[in-house]
1. Do any residues in segment 127-153 that are touching a residue at least 40 places away in the same chain (Cβ under 8 Å) and within 23 Å of residue 60 (Cα to Cα) have Cβ atoms under 9 Å from those of residues that are open to solvent by 60 Å² or more (accessible area, probe 1.4 Å) and in a helix (DSSP H, G or I), where the two are at least six apart or on different chains, and which pairs are they?
2. Looking at segment 143-160, which of the residues that are loosely packed, with under 12 Cβ neighbours inside 10 Å and part of a loop (DSSP other than H, G, I, E, B) is modelled with the lowest pLDDT?
3. Looking at 112, 61, 72, which one is more than 16 Å from the chain's Cα centre (by Cα) and over 24 Å from residue 136 (Cβ atoms)?
4. For a quick check of your reading of the model, give me the residue pairs whose first member lies in segment 47-75 and is acidic (Asp, Glu), whose second is within 16 Å of the ligand (Cβ to nearest atom) and open to solvent by less than 60 Å² (accessible area, probe 1.4 Å), with beta-carbon atoms closer than 6 Å and at least 6 apart or on different chains.
5. I'd like to verify a number: residues in segment 133-142 that are open to solvent by 70 Å² or more (accessible area, probe 1.4 Å) and either assigned to a helix (DSSP H, G or I) or touching a Ser or Thr at 6+ places or on another chain (Cβ under 8 Å) (or both), how many?
6. Restricting to segment 1-54, name every residue that is more than 10 Å from the chain's Cα centre (by Cα) and within 12 Å of the ligand (Cβ to nearest atom).
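The values are calculated or read from the model by the stated rules, or taken from the named source; none is laboratory data. What you see is a predicted model; the values in this text were computed from it and never measured. Using ideal geometry, Cβ is built from the backbone for each residue, glycine included, and neighbour counts are taken over all protein chains shown. Just the protein is used for accessible areas: all its heavy atoms, side chains included, with ligands, DNA and RNA removed. Shrake-Rupley method; radii C 1.70, N 1.55, O 1.52, S 1.80 Å.
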Amino acid sequence: MKIAVYPGSFDPVTLGHMDVIVRSSELFDRVYVCAMVNAGKNPMFTTQQRFELLCAATAELPNVTAELWTGLLADYARSRGARWLVKGTRSGTDFDAEFAMAQINRSLDAQLDTLLLPARAELLHLSSSMVREMIKYKRPLEPCMPGPAIALMKGWEMNG
Ligand code: PNS
């Protein structure tokens, strides 16, 4: 069974992430999409909220499981029996950062390889930071965020 982990901050999950999730779900038997902690970032949403948004966004994908993990990615991948990490890349800058992280993860677990999926051209401009701006300035989110995640977030807003 080919098992992959797609890790990230997902602050929040975007349609760009969804493209990588769907493509991964076609390549692997099972994909664990995991909301994690990036020590270099100060997120808008808590890890629990980022996880819940991921759950809503992936609920209809039968071989995709959303999870939350606050430890090392290599440990998480091992615990799920995954030998593959999947990451999306939109630019050479993304590639350089992901290339470095792939080396670190491989040094932590020699069995762990990283697959980089280039973003589709029409999604290149999408990022979580752009979505956060749209949320902050109350602009429509449908062009950049999955519908079920928008609905969940609106529910949080209504409940204070
Ligand atoms: O979406 P991001 O912020 O680019 O994702 C980065 C993330 C969360 C995958 C990375 O920071 C991570 O792997 N965090 C878990 C801790 C860890 O394993 N660090 C060592 C690998 S660089």
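1. Sorted first by the residue in segment 127-153, then by its partner, the pairs are 149/52; 152/52.
2. Among residues in segment 143-160 that are loosely packed, with under 12 Cβ neighbours inside 10 Å and part of a loop (DSSP other than H, G, I, E, B), the one modelled with the lowest pLDDT is 160.
3. The match here is 112.
4. 67/32; 67/34
5. Selection size over segment 133-142: 2.
6. Those that are more than 10 Å from the chain's Cα centre (by Cα) and within 12 Å of the ligand (Cβ to nearest atom): 37, 38, 39, 40, 41, 42, 43, 47.
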